[in-house]
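Okay, structure first, notes after.
The values are calculated or read from the model by the stated rules, or taken from the named source; none is laboratory data. Given the structure is predicted, the values throughout are model-derived calculations rather than measurements. Neighbour counts run over all protein chains shown; Cβ positions are idealised from the backbone, glycine included. For accessibility, only protein heavy atoms count, side chains too; no ligands or nucleic acids. Shrake-Rupley method; radii C 1.70, N 1.55, O 1.52, S 1.80 Å.
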Amino acid sequence: MLRSITRIIGLALLAALPLAGATATAQAAPESEVGAVGQPPGSANPVRGFVDAHSHLMAHEAFGGGLICGKPFDLDGIEHALVDCPDHQPDGSLAWFENFTRHGTPVGKHDPVGWPTFKDWPAHDSLTHQQGYYKWIERAWRGGLRVFVNDLVANRQLCEIYPLKHNTCDEMTTLRLEAQRTLELQNYIDAQSGGPGQGWFRVVKSSAEARQVIAAGKLAVVLGIETSEPFGCRQTLGIPHCTKAQIDRGLDEMYQLGVRSMFVCHKYDNALCGVRFDSGTTGVIVNIGNFLSSGSFWNAKTCTGPEHDNTIDPAGVLPPEVAKWLPFGVGLPVYPPAPHCNTKGLTSLGAYMVQGMMKRGMMVEIDHMSVKAAAQTLGLLESAKYPGVISSHSWADPSYFRRIYRLGGLVTAYGSPADSFTAGWRATKPFRDEFGRPGYGYGLDTNGMGPLPGPRQGSAVSYPFTSLDGAVTLDKLRTGDRVWDVNTDGVAHYGLVPDWIEDMRKYAGDEFAQDMLAGAEAYLTTWGGSEARRQS
């Protein structure tokens, strides 16, 4: 009870900034080091710095609030923010989801202690432990990050399947809560920085505001949405659960909250569009979720054209904790030979949502759309000459990249070790050259239940090193008793992003470095083009 009262008082104090002892209190508490010396320079036209077009800073509130362990901040300090989930005690053997996603089996163990030892987590391949603590984000900002897209995330079906929860499974309620938490983090950082508006973490609602924030040497944070049933738009046996009026109300509300980019579908076929399949064991689990969400499994055909969705793997393993959700006598379907294409594309309601996003100057994410839906969406955007299209984390068919760049859109890649990430950069460079669109970026998908870049054989980052813009010196990062080294740990958490980029600079050279430094400008150019084409 005492701690609850303390938290309530703390939130009230944040709302009443500035406060005379806020900075001293924050400094007196234990905290992670940043491992960086120097101040990020301001830049305006053009902006110079990195863009992360896809991460999930507040995912600990998603999926019922019991799946992602730890928080990006806590009013009571780091020792309360970076703690393991209760069901991971005493040795991780009961953490079946963590063990399955990390080791491929529900059997496993890990040390549940976070602060200050961090023996086993966070780690690049641990999908249920917090990877975006705010001090780690600060290190990335100091190391060159200028635009950070915080995708509010929810998945009703996964929430209902996972047995431990303290939050609602309603997706829109979850998204509102995550937006609130993002603003609370902004206030928390402001309190340490001298008062309202003084902190380095700034939520922005326009490309012009983002440029002003970056010119002041701060981080521009953009709100996006990645959810499976936006505005309640699920379907059951092909029958939609939403209307055009619901879509309009939902877009208006999310826009008012500050959301400026959005997915139309994610993981499960919904009333708006068919999805790009997951492969392997993950695909088996997600396909069951599709059945529970919509009343049917994915419907796939053998593709006849060059574009295709991910292959549905018939040999995927089905965890018993998930298999029990299938009704008695219901088994997984048998699919035709690969390559597989989802038969479902963009529905009339989905087209209405895309048109509604264009009307409001929002950016359309085509990742996770089936190739059929993505092609139809690009057709709508092309007809309107609308540049606001993004493939943010390697979930679109690469054959669509030329169309994205031709429109004035942006492609960023899912994080991977230096050799594979820079190979993707080289493969897409001809499109950027063809359309005069310099700038590359990443969608790290932090807290998105996917692995971060692991350690690379041959990595030889020397500490200390200098940020790509030459303004900040970065040494090995210490958090509590743990010292992190990208050469051996990979990107164990967000604080090691500058180290990862330094490894890629050494691997691929200055041309790569300059394209990464142009990434934030490329994002803001696409966003500004979307605003200019806004129809209302």
Considering the alpha-carbon set of region 469-524 alone, what are its Rg and its Dmax in angstrom? 12.9, 39
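Out of every Cα-Cα pair in region 392-536, what percent are more than 22 Å apart? Kindly include the intermediate steps, with their values, before the conclusion.
Details: 4479 of 10440 pairs.
The answer is 43 percent, as a whole percent.
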Expressed as a whole percent, how much of the Cα-Cα distance distribution for the chain exceeds 41 Å? 16
Going toward the positive end of the dipole of region 41-186, with +1 on Lys and Arg Cβ and -1 on Asp and Glu Cβ, which of Gln89, Asn150, Ala140 do you reach last? Ala140
Going Cα to Cα from Lys476, which lysines come in below 19 Å? Please leave out same-chain ones fewer than 8 positions away. Lys119, Lys135, Lys506
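If one computes P(r) from the Cα atoms of region 310-382, what percent of pairs lie at distances over 16 Å? Intermediate values should be presented prior to the final figure.
Values: 1642 of 2628 pairs.
The proportion of pairs with Cα distances above 16 Å equals 62 percent.
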Cα to Cα, under 26 Å, and not fewer than 8 places away if on the same chain: which lysines meet these conditions relative to Lys267? Lys71, Lys165, Lys244, Lys301, Lys324, Lys344, Lys359, Lys372
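Identify the trypsin sites (Lys or Arg not before Pro) of region 339-446 meeting these criteria: DSSP loop state and at most 13 other C-beta atoms within 10 Å of the C-beta.
Working: sites: Lys344, Lys359, Arg360, Lys372, Lys385, Arg402, Arg403, Arg406, Arg426, Arg432; in loops: Lys344, Arg360, Lys385.
The qualifying sites are Lys385.
State, as an integer percentage, the relative contact order of region 367-524 based on alpha-carbon contacts under 8 Å between residues 6 or more apart. Walk me through the numbers on the way to the answer.
Values: 223 pairs, mean separation 33.8, N = 158.
With pairs under 8 Å counted, the relative contact order is 21 percent.
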Rounded to whole Hz, the Karplus (6.51, -1.76, 1.60) HN-Hα couplings of region 485-492, x for glycine and proline: 9, 4, 5, 10, 9, x, 8, 5
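Can you give me the relative contact order of region 261-353 as a percent, contacts being Cα pairs under 8 Å and 6 or more apart?
Numbers: 148 pairs, mean separation 36.4, N = 93.
RCO, region 261-353: 39 percent.
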Would you check the accessible area of Lys476, probe 1.4 Å, heavy atoms only, in square angstrom rounded to 10? 90
Measuring from a point 7 Å past the Cα of Val37 along Cα-to-C-beta, which residues in region 450-482 have an amide N at less than 16 Å? 463-467, 470-478
Sequence-distant residues sharing a close amide H with Cys69 (under 5 Å, placed H): His129, Gln130
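How do Lys205, Lys429 stack up against each other in accessible area, from largest to smallest, with a 1.4 angstrom probe? Spell out each step's value before the answer.
Values: Lys205 90, Lys429 45 Å².
Putting Lys205, Lys429 in descending order of accessible area: Lys205, Lys429.
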The alpha-carbon center of region 476-510 and that of region 213-243 are separated, in whole Å, by 30
Sort region 86-178 into rounded, prolate or oblate with this rule: let a ≥ b ≥ c be the square roots of the eigenvalues of the Cα gyration tensor; rounded if a/c is under 1.5, and if a/c is not under 1.5, prolate when a/b is larger than b/c, oblate otherwise. oblate
Which of the aspartates and glutamates could a cross-linker span from Lys429 if the Cα-Cα distance has to be under 13 Å and same-chain partners fewer than 8 positions apart are dropped? Glu511, Asp515
Once amide H atoms are placed 1.01 Å from N in the peptide plane, what residues at a sequence separation of 5 or more from Ser55, or on another chain, have their amide H within under 5 Å of its amide H? Val149, Asp151, Asp445
Amide H neighbours of Ile225 at under 5 Å, excluding residues fewer than 5 places away on the same chain, with H built from the backbone geometry, are Leu152, Ser261, Met262, Phe263
In whole Å and largest first, what semi-axes does the C-alpha gyration tensor of region 331-478 yield when each eigenvalue is scaled by 5 and square-rooted? 33, 21, 15
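Among all helices in the chain defined by DSSP H, which have a length of 15 Å or more along the axis from Cα atoms plus a Kyte-Doolittle mean of at least -1.0?
Values: long enough: 2-15 (20 Å, 1.53); 171-193 (33 Å, -0.70); 244-257 (20 Å, -0.84); 280-294 (21 Å, 0.85); 348-359 (16 Å, 0.43); 371-384 (20 Å, 0.71); 418-434 (24 Å, -1.03); 497-508 (16 Å, -0.86); 519-532 (20 Å, -0.24).
Span-like helices, by this rule, are 2-15, 171-193, 244-257, 280-294, 348-359, 371-384, 497-508, 519-532.
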Once ligands and nucleic acids are excluded and a 1.4 Å probe is used, how much of Tyr400 is accessible, expressed in Å² to the nearest 10? 10
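Find, among the chymotrypsin sites (Phe, Trp or Tyr not before Pro) in region 244-350, those assigned to loop by DSSP (not H, G, I, E, B) with at most 16 other beta-carbon atoms within 10 angstrom. Spell out each step's value before the answer.
Values: sites: Tyr255, Phe263, Tyr268, Phe277, Phe291, Phe297, Trp298, Trp325, Phe328; in loops: Phe277, Phe297, Trp298, Trp325, Phe328.
Hits after loop and neighbour filter: Trp325, Phe328.
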